[in-house]
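Notes follow once the structure below has been shown.
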Amino acid sequence: MGLSGALARLAVRATRVLVVEVPGHWATRMEVEHQLLRRGWRPAWTPADADVLAVCGAPGPELSELVDRLWEQMPGPRVRADITSPGTVGSALDAAAALLLDTPHHRTDAQERAQEPEIPEDADHGGHGGMDHGEMDHGEMDHGEMDHGGHGGHGGMDMAPEGIPLAEGGEDRDGLEMDVLHLPLGPVLPFWPAGLVLRCSLQGDVVVNAEASMVDGRNDDEDDGAGAAGPSAGPAPAAVVRCDQVMALLALAGVEDAAACARRARDALLCGDEDAARDAVERLDRTVRRSWLLRSSLRGVLLLDRAGLERHGLPGHCRGDAHDRLLSRVERIRAEAGGTEPTPAEDGGVPWAVVPDLVTGLELGSVRLAVASLDLDPHPAVQAVGHG
């Protein structure tokens, strides 16, 4: 018992946490990330890698179903932590650590859990069932799905082994028929806007059509109070949002040292430490501009010229490719950290409604980089910005 207990405690020090952000609960998710860093715990990118499932906020019915499916796919020993506010993050993670050492709890969980995860009967017909938890490897993203559930009603598939949709026939530009695969990205992905579902139709590895939706999104005539997802923290400060988005893009590109700089700048801005924020932003700027890996990874990704900006109604800072937009965003963060307010023309964001048009024609491997490079406006369904 002494040896097994010591091994268990050693394992807890290397706990991996899969974080799910309810749209609007960006503050809770950021505090979880901060606490993980302090504890030496690491984020998990797939359910198979996770020891703890941390749900930030109270999910609505659609996201609740998806969270339950993530939970089913996690191997034991496993612990779920439902965290409703930033102030409860520490106690929730302490409780999770204690449960990881609770052998009777895990024995009971193993006896009660289903032997095989359930796949809903309508898994291949619409809904938000599809989630992509592709892992990162030196900037290259593997978009293999751990659950290819819903694909927005793109045709009926009579054959979907284990819920995985097969390709359908579709007309190519030259009139020949090509296979078309319907692949949903989101709503739970590392470094992805929280709650966003982007359903992509693919011919080969090229996106030929896309549709976007928000899980548990509210209609405009619904009450603006606490909805199904519960109360949120409200819109995040602009500089904090930009640091968070820059961190996501840098992490997806595989530049971990620059991503760490962006995270430190974000946390310092969030807690009001202006000196630490300025130092972190200056280091971020130097690291980004010197990185050849960033240039090679982001050059040519979602290139927008002046005509493209006018066609989609985008602000001038979106011009260029993903690398140009990264440099522009870092420069705006530097200005804000130094106390300079951006002009309205510089401060405009990208409407969520244009995202499907922007990703159409891109290769699948660059879609997540393209989305992360955009300065997305707050989604109208939640009036908050974040990513999972």
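Using modelled amide H (1.01 Å from N, peptide plane; none on Pro or chain starts), what sits under 5 Å from the amide H of Leu185, excluding residues fewer than 5 places away?
Those lying under 5 Å, H to H, from Leu185 are Leu198, Arg199, Cys200.
Return the long-range amide H neighbours of Ala81 (sequence gap of 5 or more, or a different chain), with a cut-off of under 5 Å between placed amide H atoms.
Leu53, Ala54, Val55
Short version: ³J(HN,Hα) in whole Hz for each residue of segment 246-259, in order, from phi by Karplus 6.51 cos²θ - 1.76 cosθ + 1.60 (θ = phi - 60°), x for Gly and Pro, what are they?
Using θ = phi - 60°, the values come out as 5, 4, 4, 5, 5, 5, 5, 7, x, 9, 5, 5, 5, 4 Hz.
Quick one: if you take sqrt(5λ) for each eigenvalue of the C-alpha gyration tensor of segment 261-363, what semi-axes come out, biggest first, whole angstrom?
Taking √(5λ) for each eigenvalue gives 27, 17, 11 Å, largest first.
Which of the peptides 185-195, 66-76 is most tightly packed, and how do the rest follow, judged by the mean count of other Cβ atoms within 10 Å per residue?
Values: 185-195: 25.6, 66-76: 17.9.
So the peptides 185-195, 66-76, ranked by packing, come out 185-195, 66-76.
Counting only heavy atoms of protein chains, what accessible area per residue, in Å², does segment 259-310 have with a probe of 1.4 Å? Please report the intermediate quantities before stating the final value.
Values: 2910 Å² over 52 residues.
Ligands and nucleic acids excluded, the figure is 56 Å² per residue.
Expressed in nm to one decimal, what extension gain is obtained for the pair Glu310 and Arg286 from 0.36 nm per residue of sequence separation less their Cα-Cα distance?
Values: separation 24, 0.36 × 24 = 8.64 nm, distance 3.16 nm.
Residue separation times 0.36 nm, minus the Cα-Cα distance, leaves 5.5 nm.
Quick one: pull the percent of accessible area on segment 266-372 belonging to carbon and sulfur, 1.4 Å probe, ligands and nucleic acids left out.
On the way: 2520 of 5160 Å².
Heavy-atom surface of segment 266-372 belonging to carbon and sulfur, 1.4 Å probe: 49 percent.
Ordered by residue, what ³J(HN,Hα) values in Hz, to whole numbers, does segment 314-328 give under the Karplus form 6.51 cos²θ - 1.76 cosθ + 1.60, where θ = phi - 60° and Gly and Pro are x?
Here the 3J(HN,Hα) series is 9, x, x, 6, 7, 5, x, 9, 4, 5, 4, 5, 5, 4, 5 Hz.
Quick one: what are the phi-derived ³J(HN,Hα) couplings along segment 190-204, Karplus 6.51/-1.76/1.60 with θ = phi - 60°, whole Hz, x for glycine and proline?
With coefficients 6.51, -1.76 and 1.60, one gets x, 6, 9, x, 4, x, 6, 10, 10, 8, 10, 9, 10, 10, x Hz.
Whole Å is fine, so just give me how far the alpha carbon centre of segment 256-299 lies from that of segment 51-87.
Value for the Cα centre distance between the two parts: 30 Å.
The values are calculated or read from the model by the stated rules, or taken from the named source; none is laboratory data. Everything numeric here is computed off the predicted structure, so don't read it as measured data. Positions of Cβ are generated from backbone atoms using ideal geometry, with glycine treated the same way; all protein chains shown enter the neighbour counts. Note: areas computed on protein heavy atoms with side chains; ligands, DNA, RNA excluded. Shrake-Rupley method; radii C 1.70, N 1.55, O 1.52, S 1.80 Å.
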